[in-house]
Amino acid sequence: MQAIKKQLTLQLKRNQLFYQQNRYIASQHRQFHNSSLNQSDEIRKIVTSPIFYVNATPHIGHLYTAILCDAITRYHKLNGEQVLFSTGTDEHGQKVQKKAIEAGIDPKKFCDKNSDQFKSLFTLAQIDYDRFIRTTDTDHKVAVWDFWNRLKDRGYIVEGVHEGYYSVNDESFISEKDLKADQSGGFTTETGEKLEFISEKNYIFDIDSRLKKVIESWIKDAIIKPDHIRNKLLDELHTRKSDISVSRPTSRISWGLKVPNDGSQTIYVWLDALVNYLTVLGYPQNMRQNGKEIGEMIHVVGKDIAKFHCIYWPAFLAADDLPLPKKIINHGHWLKNNMKMSKSIGNVIDPYEILKSYGSNSVRSYFLSQGPQSKDRNFEMNDLIDHHNQIICDQYLNLLQRISGKKILKNRTQLQPLNDEQIQYIGVSFESSINELSDQVIKHFEEYDFVSAFTIIEQILYLGNHLLAENQFWNIKENEQIEALLFTTFEILRVSSILLQPYIPQLASGMLDVQNIQDRALINAKVNLKREINLNMLAKEKVYLAKVEPQQTQPQQKNRK
């Protein structure tokens, strides 16, 4: 009876706080719309990668996630939208604490060193982020403590005892349905990690019936990719325990943010990490001032952390009546010989080495065109080499080489709009055919389907090369005919380069420089046979890549200390 009374009192407190908070948000919402902010400020996109653990050096999974985020960001910017792109490093928790002790250095210095490795990797890969956040940043600490206090004040965080099998690798208690029995009578994770049964006093976050309804409705309505993950999330929501342990004893995990007014407990690393998505928006000051108008939040994560982003995170946000993410992209993993990459197996690929060997343009476009966006994919070095040689060099760059030699281009620095006879010679359907393909690419971009979009771009490049070969341009003597072929080929290069900007930003920019193109938004990815083409062949030097021999030594993971 006493327990029921306590629960009713707690629920009443939550309802009162819920009502008060809604009144507060409504008043701030009105105040926000009466402010002088531009419309673009109100509807901006916030693209985020997960923040990456610094317990080990970056791997190609980290690189893939960052490249995918960067491509999504570039797409939205090319579409004329305001975008904020954040990435960073997750620097607290037991794994980092353990590795720092093993290395014999201060945890913060350990984090500084490894965080810098992610920054250098992202620079190599042309990852153009707006904020690189670290959970050791001062503004993030303030945000986490504020968020914790608000959840506690609203009755969602209470003291309690939590017990279960704990995974150090996942920094999480493992659900009973995910336990795997081993031969010793104990339990492991699916990856074989030995689990320890822990019963300890800590703070509990309760996913009550109201939050469950909010999360269930959100999972059904939000854009969560791939689609098949939705049912798994709903099953997880309804079969898991309603409580989440949101702190750990400081005696066990000291490297982290302490619970406000309770130094015996350290804030759970996942609660700490997830709040980074608020920190980059200026939480708590900016969001409290602007109410709910924070923009469209788009998270890009690996499928192994879908639970944290699609159940835990919406629960935390809903408990404080903050808006939930609009889209969550859960991508698959790179495999090697159909196995997860592991140092112990020796099948890990060094992301630094492949970037240095093949360049950021080929690695980015290979990752985006053949990567594990919707399902796991095998990483094959020969596939990367083929992509570099056959698509980037032969189909794309060679198309410029074929028409810019002195025999063909001669001294031309300008090409006039095509007349009717030249259009008839090229084919009256040429313009509409390319434009239809361009429209298909942009539709795939809208779905963040960079794999399908690249296939269509290849078709555009094929048409350009086919047009030259079919008309045997090297044998043409008629000036108007050769100029018609030059014009249409340059148009194909312009259209395809605009579309390729999310994949190969450096090369695409150089190719557009050859034609002095200023308007590079996606809306301009249309053939225009009536424009004047002005050439700057000095810029051609920016768009050259040497081919790579397939038999060269394949880069493998190196120990980075």
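Hey, any hits in region 434-457 for a residue that's assigned to a helix (DSSP H, G or I) and over 25 Å from L78 (Cβ atoms)? No, region 434-457 contains no residue that is assigned to a helix (DSSP H, G or I) and over 25 Å from L78 (Cβ atoms). Among the residues of region 379-387, is there at least one that is at pLDDT 95 or above, out of contact with any Pro (no Cβ under 9 Å at 6 or more places or on another chain) and either within 21 Å of V441 (Cα to Cα) or open to solvent by 20 Å² or more (accessible area, probe 1.4 Å) (or both)? For region 379-387, residues at pLDDT 95 or above, out of contact with any Pro (no Cβ under 9 Å at 6 or more places or on another chain) and either within 21 Å of V441 (Cα to Cα) or open to solvent by 20 Å² or more (accessible area, probe 1.4 Å) (or both): present.
Can you find a residue that is touching a strand residue (DSSP E or B) at 6+ places or on another chain (Cβ under 7 Å) and outside any helix (DSSP H, G or I) anywhere in region 272-280?
Looking for residues that are touching a strand residue (DSSP E or B) at 6+ places or on another chain (Cβ under 7 Å) and outside any helix (DSSP H, G or I), one finds at least one in region 272-280, hence yes.
Scan region 464-505 for residues that are open to solvent by 10 Å² or more (accessible area, probe 1.4 Å) and either free of Cβ contacts under 8 Å to residues at least 12 places away in the same chain or closer than 22 Å to R74 by Cα (or both) and jot them down. Once the filter is applied, which keeps residues that are open to solvent by 10 Å² or more (accessible area, probe 1.4 Å) and either free of Cβ contacts under 8 Å to residues at least 12 places away in the same chain or closer than 22 Å to R74 by Cα (or both), region 464-505 yields H466, A469, E470, Q472, N475, I476, K477, E478, N479, R494, Q501, P505. Considering only region 190-247, state which residues are in contact with a Pro (Cβ under 8 Å, 6 or more places away or on another chain) and of a type in the set (D, E, K, R). Selection gives E200, K201. Which pairs do you get when a residue that is free of Cβ contacts under 8 Å to residues at least 60 places away in the same chain, found in region 418-444, comes within reach of a residue that is in a helix (DSSP H, G or I) and of a type in the set (S, T, Y), reach meaning Cβ atoms under 6 angstrom, with the pair 6+ apart or on two chains? Cβ pairs passing all conditions: H444/S452. Quick check on region 303-321: of everything there that is open to solvent by 10 Å² or more (accessible area, probe 1.4 Å) and either touching a His at 6+ places or on another chain (Cβ under 8 Å) or not in a helix (DSSP H, G or I) (or both), which residue is nearest to V280 (Cα to Cα)? Here the answer is D321. For the residues N337, N286, N347, N290, the requirement of being among the polar types (S, T, N, Q), crowded, with 19+ Cβ neighbours inside 10 Å and either touching a Ser or Thr at 6+ places or on another chain (Cβ under 9 Å) or modelled with pLDDT under 95 (or both) singles out N290. Checking each residue in region 85-117 for being closer than 21 Å to T138 by Cα, open to solvent by 30 Å² or more (accessible area, probe 1.4 Å) and either of a type in the set (A, V, I, L, M, F, W, C) or part of a loop (DSSP other than H, G, I, E, B) (or both) picks out only D106.
Taking (1) under 25 Å from C111 (Cβ atoms); (2) touching a Ser or Thr at 6+ places or on another chain (Cβ under 9 Å) in turn, G160 satisfies each apart from (1). Here is the figure for region 399-412: residues that are open to solvent by 30 Å² or more (accessible area, probe 1.4 Å), in contact (Cβ under 8 Å) with a residue 40 or more places away in the chain and within 22 Å of Y503 (Cβ to Cβ) total 1. Considering region 395-409, and only residues there that are of a type in the set (A, V, I, L, M) and assigned to a loop (DSSP other than H, G, I, E, B), the residue that is modelled with the highest pLDDT turns out to be L409.
The values are calculated or read from the model by the stated rules, or taken from the named source; none is laboratory data. Nothing here was measured: the structure is a model prediction, and the numbers come from that model. Virtual Cβ from ideal backbone geometry, glycine too; neighbours counted across all protein chains shown. Note: areas computed on protein heavy atoms with side chains; ligands, DNA, RNA excluded. Shrake-Rupley method; radii C 1.70, N 1.55, O 1.52, S 1.80 Å.
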